[in-house]
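Written out below as structure tokens is the structure these notes cover.
What follows draws every value from the coordinates through simple rules; no lab data is involved. Bear in mind that the values here come from a model prediction, so they are computed numbers and not experimental data. Every residue, glycine as well, gets a Cβ built from its backbone with ideal geometry; the counts of neighbours run over all protein chains shown.
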Amino acid sequence: MAFSITRDPIDAQAVYAAVAGHAEGSNPDGAVLVFYGTVRNKTADRVVRYLEYECYEPMALAQMERIAAEVKGRHAISDLACTHRVGKLEIGEDAMVVAVAAPHRAAALAATEDFISRLKQDVPIWKKEHFEGGAVWIGTPEDPQGASEPIREGDEVP
Amino acid sequence: MAFSITRDPIDAQAVYAAVAGHAEGSNPDGAVLVFYGTVRNKTADRVVRYLEYECYEPMALAQMERIAAEVKGRHAISDLACTHRVGKLEIGEDAMVVAVAAPHRAAALAATEDFISRLKQDVPIWKKEHFEGGAVWIGTPEDPQGASEPIREGDEVP
Amino acid sequence: MRVQVRYFAAAREATGLETEVLDLDDGASVGDAWTTLADRHPDLAPLRAQLRFAVGAEFAAEAASLADGQTLALIPPVGGG
Amino acid sequence: MRVQVRYFAAAREATGLETEVLDLDDGASVGDAWTTLADRHPDLAPLRAQLRFAVGAEFAAEAASLADGQTLALIPPVGGG
């Protein structure tokens, strides 16, 4: 299980390879899932200009490890990896890549959802959305969307 | 929506790019999901040596199109692409890559499951599993796993 | 009328053919074509329970009528993914 | 005892600081540290309802005791993914 935080564009192939690499002939996994959380040009009705992510890195990595171990306990997966980007992100760039390998796809899909949902609750990464006419830390009471639809419920991507 | 059948190793990056390509600044999608169906070294208790896939290509492509259109009608996704490989596949190789782009991850996850499940029912692609001691067309009554757990229910990957 | 038949997977192995041409009476159905094929290929007949049929790129019922020049495919249980 | 405090996101903007050092009585809790910080930074106090606390790499309750050399982080609502 490999976790990292980067200021550079995410190398999704490396995240995939972290879970999908097996010695020749030994692959036990029928399913590998790679999730890209990308910067949308809109949030609800706001036109997004760019995002800024910040992170408390040692705690974020520790929480990712902890959450991944929980997820592995709940779903029959072989491996999980995640890289999250921080700094300024433009529309269309990847904020996060998660890869999951599992013998069967049902577990891979469920584990992906479980991990992302828990990450959105407990991993100390913050997102400031710069939109036309202002900026807001997502999930705070000042976030017009966060007020009615808290980001902590994990139903918003990214 | 891009669909293809290939005898060569699947270019997963191309399948991803088919759904994730947007003009600069215009990306409406917060989630891109790429699913790799890969050749496992085991099916139930059988040690797999290799797989052979065959395909009725024009019908397979037409069915993929039809199923993808249905899936798009059921889930709020922007795009879906799929490449399936045929011929002899070794353990660890990708048999299929599916990519889905959506504004939110819940739709991307649900659409991926929906598409794969329907593909396993209605897309004319056949898989012969060569295992230690024999070979069987998956899903037929001669398939010891297929008998109790029909492949058509879509719960087996690949 | 003349219909092209395509065999795949277990049906291909049972007939030893990938394709053949079938002459049928005008108005013949998919089921009529099957009866002819099952007579012609004794190893094919036992597969009936697991086969579906397709005309062109679409699944077709046994009662569906065939037309000259169409392609009838025998579809054993599929296993993609 | 001495504790390092870390501020992120809205808390960082409210204090204008990324980090500061806090001298506390031995046996002080996370809640005691908060009281001191809220006094010191008037713009921080209103954020209380949305903040969680972490000691080291783990979330911590307000009642949790602090120890010399530990790092206390103020965690506004997170927004990763």
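Antiparallel beta bridges, as assigned by DSSP with both residues in segment A:1-123, represent about 80 percent of the total such bridges. The distance from the alpha carbon centre of segment C:2-42 to that of segment B:32-65 is 27 Å, rounded to a whole number.
What does the charge dipole of the protein assembly as shown about its Cα centre add up to, to the nearest 20 debye, if the Cβ of each Lys and Arg holds +1 and the Cβ of each Asp and Glu holds -1?
Details: 44 positive and 74 negative charges, 2 e Å.
Using only the charged Cβ atoms, the result is roughly 0 debye.
Here the 3J(HN,Hα) profile of segment D:70-81, calculated from phi with Karplus coefficients 6.51, -1.76 and 1.60 at θ = phi - 60°, is 6, 10, 9, 10, 8, 10, x, x, 8, x, x, x Hz, Gly and Pro shown as x. Site pair D:Phe59 and D:Leu17 shows an inter-label distance of 2.5 nm when each label is modelled 7 Å from Cα along Cα→Cβ. Based on DSSP, what percent of beta bridges with both residues in segment C:2-75 are antiparallel, to the nearest 5? In segment C:2-75, DSSP labels about 80 percent of beta bridges as antiparallel.
Each copy carries a label point for D:Asp26 at 7 Å from Cα along the beta-carbon vector; from one copy to the others these points are 10.8 nm apart, nearest first. Considering only D:Tyr7, D:Ala38, D:Thr71, the residue lying farthest towards the positive end of the dipole of chain D is D:Tyr7, judged by Cα position with unit charges set on Cβ. For D:Arg40, the point set 7 Å out from Cα toward Cβ sits 9.0 nm from its twins in the other copies, listed from shortest up.
Listed by chain and number, the lysines placed with their C-alpha closer than 28 angstrom to that of A:Lys72 are A:Lys120, A:Lys127, B:Lys42, B:Lys120; residues fewer than eight positions away on the same chain are left out. Under 16 Å from a label point set 7 Å out along the Cα-to-Cβ vector of B:Tyr50, the amide N atoms of segment B:66-87 belong to B:85-87. The two copies A and B are related by a rotation, and the chain A beta carbon nearest its axis, with distance in whole angstrom, is A:Val34, 2. What does the charge add up to near C:Thr15, with Lys and Arg as +1, Asp and Glu as -1, over the other residues with Cβ less than 10 Å from its Cβ? Residues near C:Thr15 contribute -2 overall. Sequence-ordered 3J(HN,Hα) estimates for segment B:61-73 from the Karplus curve with 6.51, -1.76 and 1.60 and θ = phi - 60° stand at 5, 5, 5, 4, 4, 5, 5, 4, 5, 4, 4, 5, x Hz, glycine and proline given as x.
Counting only Cβ charges, +1 for Lys and Arg and -1 for Asp and Glu, the dipole size of chain A around its Cα centre is about 80 debye.
Overall, segment C:2-75 carries a charge dipole of about 260 debye about its Cα centre when +1 sits on the Cβ of Lys and Arg and -1 on the Cβ of Asp and Glu, all other atoms neutral. Can you list the residues of segment C:66-81 with backbone N under 18 Å from a point 7 Å past the Cα of C:Arg52, pointing along Cα to Cβ? Under cut-off, by backbone N: C:71-81. Inter-copy label distances at A:Gly87, shortest first and taken from points set 7 Å along Cα to Cβ: 4.0 nm.
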